[in-house]
Structures are given as structure tokens and as C-alpha cells.
């Protein structure tokens with residue numbers, strides 16, 4: 001996972017490579033930026049460099065440690081085979097392996113932090129070079145998990161490093177933020193998103209259209225070209241638009257009850273609906289159509305629903321409330 005494979009992030013990559021070359025590596029880094037812009041690739045490259053047993057401070061890429069740092073094992077959980085590169089993520093580990101009876105449905109539990117992090121962080125790395133904990137979507141740390149991590153973040157053991165990947169920093173506890181050094185990752189330029197899509201065989205015109213909708217996120221762009229996911233989003237959008245115009249709330253309630261409870265999937269559906277209203281509003285404005293204001297208001301309603309989703313609102317109640325507000329605009 002060489003650093004030169006990370007596209008569109010010259011500032012972040014420069015900060016990381018400079019710290020590695022100088023030998024002054026902060027023990028707790030916070031990679032902030034939207035999903036799909038290279039944060040995890042950079043974290044894996046950084047971890048590889050830290051555990052490398054070769055002579056290159058950026059990671060030689062050829063030693064056994066470098067290979068194992070970025071090679072994921074088969075089965076559950078799928079984690080790097082190097083024992084000193086450790087992943088933390090909501091739902092990554094089977095409940096019984098972290099002392100739980102139920103899966104981690106809403107957040108990264110204190111059980112995972114105690115089992116995966118705290119039981120190991122106080123000991124030297126297995127192979128003597130470094131130990132790296134990479135926390136995916138660190139904003140999903142529960143309050144008790146975050147609090148249990150504070151002392152270790154502040155005073156980790158010798159050779160222990162933390163990398164927190166964060167796309168919604170406002171949800172991260174201030175005490176966690178104050179103990180980590182921020183490295184900012186920007187949205188990717190459309191040209192780079194187009195390049196990544198074309199490397200996957202997407203024809204140029206389609207790549208250009210998708211890049212314009214992806215808001216600088218490679219993962220969002222890939223989701224947009226995923227045929228099955230795209231059909232599901234389109235179905236949600238069309239069903240929501242139809243429910244808005246029905247004389248009663250029956251269709252709206254049915255949509256609320258049948259939608260997936262997975263937050264990331266639902267967020268994608270809401271983003272697609274918001275994009276539809278934004279597109280309609282722009283076109284109506286160009287046509288000097290009075291509907292532009294109404295669709296702009298509907299766009300704001302969907303954005304509000306997305307914010308409520310981030311505050312762990314019930315998906316069914318969220319969709320029902322959103323459709324009630326959209327129906328009010330329809331009348």
C-alpha cells in the first residue's frame with residue numbers, strides 16, 4: 001500500500017510522509033474527511049511503514065512485515081494477518097469473541113475496546129517494531145468506549161500508535177479530539193473520481209455524470225454505479241415521490257415499515273432523494289418555474305432527515321416524519 005497510490009490528497013500524504021522520514025510520529029492521529037477519499041488507504045500505508053523491518057522509513061513494501069500488514073485473512077473477522085496491525089470497527093468481531101451476547105448494532109462497544117485494545121495496548125508489540133490500532137468510523141465509539149480509551153490514547157505504551165478514521169468529527173467526543181492530532185483529507189477532485197471509475201471500465205460520459213453526483217467520494221461513486229444498489233435507491237426515490245402525492249398516508253407508512261434498518265444504506269437512499277429534489281429545483285429555476293422553491297424546501301427536509309439519522313433516530317419514524325413534511329410541501 002504505497003503512499004503514491006493515494007490520489008488527490010497531497011497535503012495529508014505530505015504530512016504523514018514527512019513525519020515518518022523525520023522519525024517524529026505522533027502516537028495518536030485523527031484522519032478527518034468524507035468517506036471514500038483515501039483515509040483508510042493512508043492508514044494502512046502508515047501502519048505498513050511503522051511495522052516495516054526494512055530500511056525505508058515509508059515502508060519498503062517487500063519485507064514480510066510490509067506484506068502481512070496489508071494482507072487480510074480469510075474468514076470472520078477479516079483483519080490484517082500482521083499481529084501488530086489491529087482493526088477496530090462496529091460489528092467487526094463476533095459478539096462472543098469480545099464478551100457480548102448481542103452484536104454491536106449502534107456503536108463500537110466498550111466490550112470491543114476492552115478486549116481488542118486495552119488488553120493488548122499495555123504490552124510491547126509482538127514483533128518489536130510497532131503496534132498500530134486503526135479505528136474505522138471512530139465517531140461510532142459509544143460514550144463508555146470513548147471514555148475507556150482516553151488514558152491509553154494520552155499515554156500509550158512504547159511503540160503503540162492509534163489512527164482514528166472520522167467522517168463526521170462533530171460526533172466525536174471533544175476529549176478524544178483533544179488527545180489526537182488531526183490530519184485533514186479533502187473531497188477528491190471530480191477528475192480523479194472519473195479516473196477511478198474509468199479504470200473499472202465505466203465509459204467516460206457515464207463516469208463524468210457519476211463523478212458530478214459523488215461529492216468527491218470514490219466509495220459514493222462506486223455505489224452509484226452498482227446496479228443492484230442503484231435499483232434499490234431508485235425504487236426508494238420513486239416510492240417516496242409517489243407516497244407524497246397519495247391522498248392518505250398508507251403508502252408513506254408502508255415505505256417506513258419496509259425500508260432497511262441499516263443506517264449506511266438508508267443514508268444512501270436519502271442522499272439519492274435529496275439529489276433528485278436538488279436536480280428538480282435547479283431545472284425549475286432555469287425554466288423560471290415556481291416549483292423551484294418548493295423542491296428547494298423538500299431538499300432541506302431530506303437533509304434534516306439525514307441529520308436526524310446521524311443522531312440515531314428510529315429509521316421507520318424518521319421516514320414517516322420526513323414524508324409527512326414532504327406531503328405538506330406538496331399541498
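Side notes on the structure shown:
- Of all residues in the range 101-117, those satisfying the criterion of being modelled with pLDDT under 95 and surrounded by 15 or more Cβ atoms within 10 Å (Cβ to Cβ) are 104, 107.
Residue-by-condition table, conditions (1) surrounded by 14 or more Cβ atoms within 10 Å (Cβ to Cβ); (2) in a loop (DSSP other than H, G, I, E, B); (3) without any contact (Cβ under 8 Å) to a residue 40 or more places away in the chain:
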{"site": "34", "(1), (2), (3)": "yes, yes, no"}
{"site": "40", "(1), (2), (3)": "yes, no, no"}
{"site": "45", "(1), (2), (3)": "yes, no, no"}
{"site": "50", "(1), (2), (3)": "yes, no, no"}
{"site": "55", "(1), (2), (3)": "no, yes, yes"}
{"site": "61", "(1), (2), (3)": "yes, yes, no"}
{"site": "68", "(1), (2), (3)": "yes, no, yes"}
{"site": "78", "(1), (2), (3)": "no, yes, yes"}
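- With respect to the conditions (1) touching a helix residue (DSSP H, G or I) at 6+ places or on another chain (Cβ under 9 Å); (2) surrounded by 15 or more Cβ atoms within 10 Å (Cβ to Cβ); (3) in the same structural domain as residue 79 (by TED's automatic domain parsing); (4) closer than 30 Å to residue 52 by Cα, residue 196 falls short on a single one, namely (3).
- Residue count, the range 199-213 (criterion: surrounded by 13 or more Cβ atoms within 10 Å (Cβ to Cβ) and either farther than 18 Å from residue 275 by Cβ or touching a helix residue (DSSP H, G or I) at 6+ places or on another chain (Cβ under 7 Å) (or both)): 6
- Matching residues, the range 95-133, being touching a residue at least 40 places away in the same chain (Cβ under 8 Å), closer than 17 Å to residue 152 by Cβ and assigned to a loop (DSSP other than H, G, I, E, B): 125, 130
- Filtered residue count, the range 1-26, keeping only those that are outside any helix (DSSP H, G or I) and in contact with a helix residue (DSSP H, G or I) (Cβ under 8 Å, 6 or more places away or on another chain): 8
- The residues on offer are 217, 296, 245, 279, and the sole one that is surrounded by fewer than 19 Cβ atoms within 10 Å (Cβ to Cβ), outside the structural domain of residue 104 (by TED's automatic domain parsing) and in contact (Cβ under 8 Å) with a residue 24 or more places away in the chain is 245.
- Any hit, the range 184-200, residues being touching a strand residue (DSSP E or B) at 6+ places or on another chain (Cβ under 7 Å) and either at pLDDT 95 or above or not in a strand (DSSP E or B) (or both): yes
The values are calculated or read from the model by the stated rules, or taken from the named source; none is laboratory data. Since we're looking at a predicted model, the values are computed, not measured. Cβ coordinates were reconstructed from backbone atoms using ideal geometry, including for glycine residues, and neighbour counts include every protein chain displayed.
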